[in-house]
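See below for the structure under consideration.
The values are calculated or read from the model by the stated rules, or taken from the named source; none is laboratory data. As the structure is a computational prediction, the values presented were derived from the model and not from experiment. Cβ coordinates were reconstructed from backbone atoms using ideal geometry, including for glycine residues, and neighbour counts include every protein chain displayed. The area values use the complete protein model at the heavy-atom level, side chains included, leaving out ligands, DNA and RNA. Shrake-Rupley method; radii C 1.70, N 1.55, O 1.52, S 1.80 Å.
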Amino acid sequence: MEERMGTFKRIWKRKIRTNCAMIVLLGGFVPGLLAQETDPPVQLSFLEAIDRGARENHLVKSAMEEFQAAESEHMAAKDDVWPRITANGGYQRFTKVQLYEGVLGESHQITKPPNANAGNLGLETYFNLYSGKKQQSAIQLAGFKSDLAALDQQDRVAMTKLEIAQHYLDLVRIYHLKKLAKEQIVRAERRLANIRSLYDNGKVTKSDLLRAELMLSQVALQYNSAENDYRIGNEKLNVLLDFPNGHMIVPTDTTAFVKVDSVAIREVLEKGEVPFPVQKSGIRTAVAKVQTKLAKGDNLPSVGLLGTYGLNYPNNLVFPPQDQTLGVGFIGAKVTYDLSALYRNDNKVKAAKFRERETELDRAYVEKQIAEQKQSLQFKYLEALNRIAVTQESIEQAKANYKIINTKYFNQLALLTDLLDADNLYQQTKYDFILAHINAVAIYYKILYLTVQI
């Protein structure tokens, strides 16, 4: 029995040394990271972080560039209605003309009449009157793409705000976790001091002392883990807010979040605008319809006005050509009709119609999916509100339970295991209360994003 007890003690001592070594390593790692910082910490409120992200985020700026490009393409499509004017010019120098008598008989050379030089300079204009409404459809298509880019930009801003809100809330969660870990460390240190005193007086066994030491090392490890998680979350927020790497952000809103009651959340869901995915799906359906019109337009003739004026040398309107520069122009109508399109374009039209129906089915699915997400978020938000109320009561119960078990243990009426379990339960209920608050706010902002109100 004594041999087993000695083995047990050696195992616990080895674990204590290992954990303490890890604490020393992590304790040295975190200050090293802190030493890398050169800029002073920035204090940011919840709304300040969201506003900065909407302005400075790289993806938001990228979406703005894409919108401007799509808008320029829309204007370019409108510019295509203006007449096309082309200028042309050329010069030729002809060789001697070889003339044969009969069929490759005797030959002789002459200069091309009136001489070996020729050239032209002119202007040509074409104005499209009708081309199966392809021009109007092209303008509509570019307009829809511009609208889609505008929606993408708005969606990117809203999504960035949501991501910033989630990361900010995560920093707040870790902030409270560190605070709770510090409180637990204080309790663990006080408990260890009391148990060591009891051990010195022969009131408790060595295993109780080792467990108390192990509990303290575990809580210290949890605190160091929270420190590292905070730095990781801080770097993610730096990327979203376009701050330099290593820039420390200090959240100022750690307890100022407002809860929205169940009636208000229902009004938010009902009064919200059409979600971005539904709007985008509607535009994609409109784009597919325009593309069907474009495919059908290839089966129709094109009609336009054509005019030209130019200078030509020599004068070839008479025979033999004269050594004169001729200025002449004309105006007329041009009609073209691609007969082969009647059989070449059939499958293109079919493909366009299939894609049109595909986008309609996608839109119906997206609408159902959004409705389901709204309902799920409403249920989850109500659950979060209920969890807040329940965990708030649990804190007082767990606190009272911890005090009772603590008193019993030091009066030798309870086991140390019971005391440590009570301490962990007390710690967990406080953390659950904080987590319930943060989850409620996170769900609320998801609802705002889904209803285009963020």
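Those residues that are crowded, with 19+ Cβ neighbours inside 10 Å, assigned to a helix (DSSP H, G or I) and either at pLDDT below 90 or not aromatic (F, W, Y) (or both), I need them from segment 228-254; list them, please.
If the condition is that a residue be crowded, with 19+ Cβ neighbours inside 10 Å, assigned to a helix (DSSP H, G or I) and either at pLDDT below 90 or not aromatic (F, W, Y) (or both), then G233, N234, L237, L240, L241 are the ones that fit.
Listed residues Q166, Q135, Q184; which is of a type outside the set (A, V, I, L, M), part of a helix (DSSP H, G or I) and farther than 30 Å from N224 by Cβ? Walk me through how you get there before you give the answer.
Details: Q166 fails: farther than 30 Å from N224 by Cβ; Q184 fails: farther than 30 Å from N224 by Cβ.
Only one candidate passes the filter, namely Q135.
List every residue pair whose Cβ atoms sit under 7 Å apart, with the two residues 6 or more apart in sequence or on different chains, where the first one lies in segment 372-392 and is within 14 Å of A442 (Cβ to Cβ) and the second, anywhere, is of a type outside the set (S, T, N, Q) and open to solvent by 80 Å² or more (accessible area, probe 1.4 Å).
Sorted first by the residue in segment 372-392, then by its partner, the pairs are L377/K446; L385/K259.
How many residues does segment 409-431 hold that are open to solvent by 50 Å² or more (accessible area, probe 1.4 Å) and of a type in the set (D, E, K, R)? Show your work before the answer.
Of all residues in segment 409-431, those open to solvent by 50 Å² or more (accessible area, probe 1.4 Å) come to 410-413, 415, 417-418, 421, 424-425, 428.
Now narrow it down to the ones that are of a type in the set (D, E, K, R): 418, 421.
Adding up the residues that qualify gives 2.
So, in segment 143-176, of the ones that are open to solvent by 50 Å² or more (accessible area, probe 1.4 Å) and of a type outside the set (D, E, K, R), which residue ends up nearest to G282 (Cα to Cα)?
It comes out as F144.
Output yes when any residue across segment 262-270 is of a type in the set (D, E), in contact (Cβ under 8 Å) with a residue 12 or more places away in the chain and closer than 30 Å to L448 by Cβ, and no when none is. Reasoning before the result, please.
Quick first cut of segment 262-270, residues of a type in the set (D, E) only: 267, 270.
Subset that is in contact (Cβ under 8 Å) with a residue 12 or more places away in the chain: none.
Scanning segment 262-270 turns up no residue that is of a type in the set (D, E), in contact (Cβ under 8 Å) with a residue 12 or more places away in the chain and closer than 30 Å to L448 by Cβ.
Go through segment 255-301 and give me each residue that's part of a loop (DSSP other than H, G, I, E, B) and more than 25 Å from G143 (Cα to Cα).
Step one: list which residues in segment 255-301 are part of a loop (DSSP other than H, G, I, E, B), which gives 255-261, 272-275, 298-301.
Once the filter is applied, which keeps residues that are part of a loop (DSSP other than H, G, I, E, B) and more than 25 Å from G143 (Cα to Cα), segment 255-301 yields T255, A256, F257, V258, K259, V260, D261, G272.
Taking segment 303-357 as the region of interest, how many residues are assigned to a loop (DSSP other than H, G, I, E, B) and without any contact (Cβ under 8 Å) to a residue 12 or more places away in the chain?
Start the filter on segment 303-357 by keeping residues that are assigned to a loop (DSSP other than H, G, I, E, B), which leaves 314, 316-321, 323-325, 337-340, 345.
Still in the running and without any contact (Cβ under 8 Å) to a residue 12 or more places away in the chain: 316-319, 324, 339-340.
So the answer is 7.
When segment 195-221 is examined, which residues are found to be without any contact (Cβ under 8 Å) to a residue 60 or more places away in the chain and crowded, with 16+ Cβ neighbours inside 10 Å? Steps first, please.
Kept after step one, since they are without any contact (Cβ under 8 Å) to a residue 60 or more places away in the chain, are these residues of segment 195-221: 196-197, 199-202, 205, 209, 216, 219.
Listed by number, the residues that qualify are Y199, L209, L216, V219.
Please specify each residue of segment 339-354 satisfying the condition of being closer than 22 Å to T285 by Cβ and charged (D, E, K, R).
K348, K350, K353, listed by residue number.
In segment 89-113, how many are open to solvent by less than 70 Å² (accessible area, probe 1.4 Å) and modelled with pLDDT of 90 or more?
Residues that pass the stated criteria total 2.
What do you reckon, is Q153 touching a residue at least 24 places away in the same chain (Cβ under 8 Å) and either touching a Phe, Trp or Tyr at 6+ places or on another chain (Cβ under 6 Å) or not hydroxyl-bearing (S, T, Y) (or both)? Let's see the steps before the verdict.
Values: touching a residue at least 24 places away in the same chain (Cβ under 8 Å): yes; either touching a Phe, Trp or Tyr at 6+ places or on another chain (Cβ under 6 Å) or not hydroxyl-bearing (S, T, Y) (or both): yes.
Judged against the criteria, Q153 is a match.
Scan segment 372-408 residue by residue and report those that are of a type in the set (G, A, S) and open to solvent by 60 Å² or more (accessible area, probe 1.4 Å). Break it down stepwise before answering.
Step one: list which residues in segment 372-408 are of a type in the set (G, A, S), which gives 376, 384, 389, 394, 398, 400.
None - no residue of segment 372-408 is of a type in the set (G, A, S) and open to solvent by 60 Å² or more (accessible area, probe 1.4 Å), so the list stays empty.
Of all residues in segment 298-353, which are touching a Lys or Arg at 6+ places or on another chain (Cβ under 7 Å) and among the hydrophobic types (A, V, I, L, M, F, W, C)?
L306, V349
Find all pairs meeting these conditions: Cβ atoms under 8 angstrom apart; at least six residues apart or on different chains; first residue within segment 442-454 and farther than 18 Å from Q369 by Cα and free of Cβ contacts under 8 Å to residues at least 24 places away in the same chain; second residue assigned to a helix (DSSP H, G or I) and open to solvent by 40 Å² or more (accessible area, probe 1.4 Å).
Short answer, once both residue conditions are applied: none.
Does L294 fit the bill of being modelled with pLDDT of 90 or more and open to solvent by 40 Å² or more (accessible area, probe 1.4 Å)?
no
For segment 301-344, give me each residue that is open to solvent by less than 50 Å² (accessible area, probe 1.4 Å), touching a strand residue (DSSP E or B) at 6+ places or on another chain (Cβ under 9 Å) and under 16 Å from G132 (Cα atoms). I'd like the intermediate steps shown before the answer.
Filtering segment 301-344 for residues open to solvent by less than 50 Å² (accessible area, probe 1.4 Å) gives 301-304, 306-308, 310, 314-315, 321, 326-327, 329, 332, 340-341.
Cutting the leftovers down to touching a strand residue (DSSP E or B) at 6+ places or on another chain (Cβ under 9 Å) gives us 301-304, 306-308, 310, 314-315, 321, 326-327, 329, 332.
Scanning segment 301-344 gives P301, S302, V303, G304.
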